[in-house]
Amino acid sequence: MTLLHLLRIDLRKLTGYRTFWVVCGLYFLTLGLTSASGMEFLKWLARTFEDFGSKLNINRIPLYHFPDIWLNLIWCSGLLKIVLGVMVVISVTNEYSYRTIRQNIIDGLSRRQFLASKILTNALLSLLSLALITVIGLVTGLIYSPVITFDRIITDTEFLPLYFLEVFFFLSYAMMLGILINRAGLTIIVLLLSRVIEAVITSNIDDHVPWLIQYFPMQSIANMIPFPAPRYAFQEIRDWVDPLSVAIVAAWTFLFNWLSYVKLKRSDL
Amino acid sequence: MENVLTIRNLTKRFGRLCAVNNLSLTVDRGQVFGMLGPNGSGKTTTLGMLMGVINPTAGEYLWLGEKPTHHIRKKIGAVLEHPIFYPYLTGRQNLELMAMIKQAPTSNIPRVLDLVELTGRENDKYRTYSLGMKQRLAIASAMLGDPVILILDEPTNGLDPMGIAEIRSLIQKIASDGKTIILASHLLDEVQKVCTHFAVLKKGNLIHSGPIDDVGKGAEVVEVSADVADLDRLLDTFTGLSALHRQNGYLQVTLKDGFKSKDLNRFLFEKGVVASHLVTKKKNLEQQFLEILNTHDESL
Ligand SMILES: Nc1ncnc2c1ncn2[C@@H]1O[C@H](COP(=O)(O)OP(=O)(O)OP(=O)(O)O)[C@@H](O)[C@H]1O
Ligand SMILES: [Mg+2]
């Protein structure tokens, strides 16, 4: 059975599901609208300030100028991945609550193929997010950048594949939670609280083993894609790719999918 | 005869509970194999292991002489326990999805829908189906991939009497095509009508396995009545009598081996009694099933 066929099986399940269209529609709409309209928002902000007699020079904040635009868009869009994560949880836990995972296996899918179909959907959703951000980045960058050179356009685009990795990492995590917990509500709560739980743990070990913190999953994402805002407060930010952080995120992503496989392989359905 | 299914020492434990204990069985091509047993005796668990959804604790099984893989499952049509479908998809979409998984042609869909008389409702969401319609869709789905083996766990659950009769004739028709069928059911009448072989499980143990024809063998039971007051006392003196019960207003005479109903008839006639009712009853599966269970009461 080809990978494409497996992907089509999972998409067939999802495309008949209204919740999928609503959640994904909301996600891509929000992603598109917020990332494309940031500049208009700034202009509106500037006009409002002017009405109050103060001046806000929006050209001093080159949010949408090449090359700043890439990290800005990627970092902000990364916040929205939680919506896709919830969708993935629903897609996985539905298979358990409807027991359709059992019937899929009975019908002749192997457990590995079942998992592969879910992973492929995760990859597709990540790829679509990447494509949308790339297009919006290019278009808005071309519109708003005062200086356009090829060099400036491609500077920092090395963060685009990392954005794909970030989303795929998170969807893999959501899928794994769904497979381990099986129940939608609980899984979503754990998913939403993950960052908080991790923060509690890391702040406690901060004094003892601070070097360990970078290996935590959510922290590794933050390390891989740096928060870009400080550069507008005249601070340096890292605008190059840190290979260690990428390796850590990739390792976690692999581990999530592998754990899903092990759990699925062992469980009675 | 060719082995379709060979089970060797299959065991499943759920914690301390042993759901299936050291089960060994073979099913040959063309058999309609009935799996009987009280609730919780391990029928569904056994079928679940055979279909790869429950990992056996020990033992093994072979389909068509081979180690089981997901490829072989595509050639088996199976419905375990109750129908399972995506509630938000229509019946047809569910079958299309299943055809993709089984890699079966979608051109089969109208045929199987027709078979279970769901044509006309196939574009309604599965969620909106009645219990019997869900069961019918499940049977349709089992037939989708032109299976060589059919596994049905309580297939007539929730069907109306007409539906039950239809499923019965469907099973007989499929069996006459040379397909092998494994059927778990509590409807012993149905099992007796369609099955060629049967096995009885109790608390996970196999306590009987053999052809259905055997059921009719053994002691004969004759139902009699006559217009005399002390028929039962009279019958007590009959040398061929092994047991005597009163049931449905008739006396049920269980004969000793080698005695036939005509011996009883002659006996009555010689005593000057004319029977107004004398029927030989084939022992049915239900009686035999209960007997098998009872004789194993002490041992388990
Ligand atoms: N997932 C499970 N976890 C724990 N125990 C289980 C599980 N599945 C089945 N059992 C137990 O295994 C035993 C056999 O159950 P099974 O469903 O195989 O019985 P059955 O013969 O199909 O019964 P029925 O006629 O009621 O369908 C029961 O005691 C049941 O409680
Ligand atoms: Mg059962």
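The values are calculated or read from the model by the stated rules, or taken from the named source; none is laboratory data. As the structure is a prediction and not an experimental result, all values here were calculated from the model. Cβ coordinates were reconstructed from backbone atoms using ideal geometry, including for glycine residues, and neighbour counts include every protein chain displayed. Keep in mind that these areas ignore ligands, DNA and RNA; they rest on the heavy atoms of the full protein, side chains included. Shrake-Rupley method; radii C 1.70, N 1.55, O 1.52, S 1.80 Å.
General observations
- Residues in the range B:121-140 that are part of a loop (DSSP other than H, G, I, E, B) and either at pLDDT below 90 or exposed (fewer than 14 other Cβ atoms within 10 Å of the Cβ) (or both): 2 in all.
- Residue within the range B:184-196 that is outside any helix (DSSP H, G or I), under 13 Å from the mean Cα position of the chain (by Cα) and away from ligand 1 (no atom under 16 Å from the Cβ) present: yes
- Filtering the range B:183-211 to residues that are farther than 14 Å from B:Gly42 by Cα, in contact with a helix residue (DSSP H, G or I) (Cβ under 7 Å, 6 or more places away or on another chain) and among the aliphatic types (A, V, I, L, M) leaves B:Leu188, B:Val191, B:Val194.
- Pairs with Cβ under 8 Å, 6+ apart, first in the range B:89-100 and more than 7 Å from chain A (Cβ to nearest Cβ), second among the polar types (S, T, N, Q) and assigned to a helix (DSSP H, G or I): B:Asn94/B:Ser141; B:Leu95/B:Ser141; B:Ala99/B:Asn108
- Number of the condition not met by A:Leu180 [criteria: (1) in contact (Cβ under 8 Å) with a residue 60 or more places away in the chain; (2) open to solvent by less than 50 Å² (accessible area, probe 1.4 Å)]: (2)
- Leading residue by the ranking (nearest to the other protein chains (Cβ to nearest Cβ)) among those in the range B:20-41 that are open to solvent by less than 10 Å² (accessible area, probe 1.4 Å) and within 13 Å of ligand 2 (Cβ to nearest atom): B:Val20
- If the condition is being open to solvent by 80 Å² or more (accessible area, probe 1.4 Å) and of a type in the set (S, T, N, Q), then the range A:183-215 contributes only A:Asn204.
- Helices (runs of 4 or more DSSP H) completely within the range A:62-132 that count 1 or more residues being closer than 30 Å to B:Ile139 by Cβ: A:81-97, A:100-107
- From the options B:Gly204, B:Gly178, B:Gly158, B:Gly249, residue that is within 16 Å of ligand 2 (Cβ to nearest atom) and open to solvent by 20 Å² or more (accessible area, probe 1.4 Å): B:Gly158
- Residue satisfying all of: in the range B:62-83; part of a loop (DSSP other than H, G, I, E, B) and buried (at least 21 other Cβ atoms within 10 Å of the Cβ); nearest to the other protein chains (Cβ to nearest Cβ) among these: B:Leu80
- Qualifying position, being touching a helix residue (DSSP H, G or I) at 6+ places or on another chain (Cβ under 8 Å), open to solvent by less than 10 Å² (accessible area, probe 1.4 Å) and assigned to a helix (DSSP H, G or I), among B:Leu118, B:Leu150, B:Leu97: B:Leu97
- Some residue of the range B:191-201 being in the same structural domain as B:Tyr86 (by TED's automatic domain parsing), free of Cβ contacts under 8 Å to residues at least 60 places away in the same chain and out of contact with any His (no Cβ under 9 Å at 6 or more places or on another chain): yes
- When the range B:48-61 is filtered for residues that are near ligand 1 (Cβ under 8 Å from one of its atoms) and part of a helix (DSSP H, G or I), only B:Gly48 remains.
- Positions within the range A:217-235 being open to solvent by 40 Å² or more (accessible area, probe 1.4 Å) and assigned to a loop (DSSP other than H, G, I, E, B), in sequence order: A:Phe227, A:Phe234, A:Gln235
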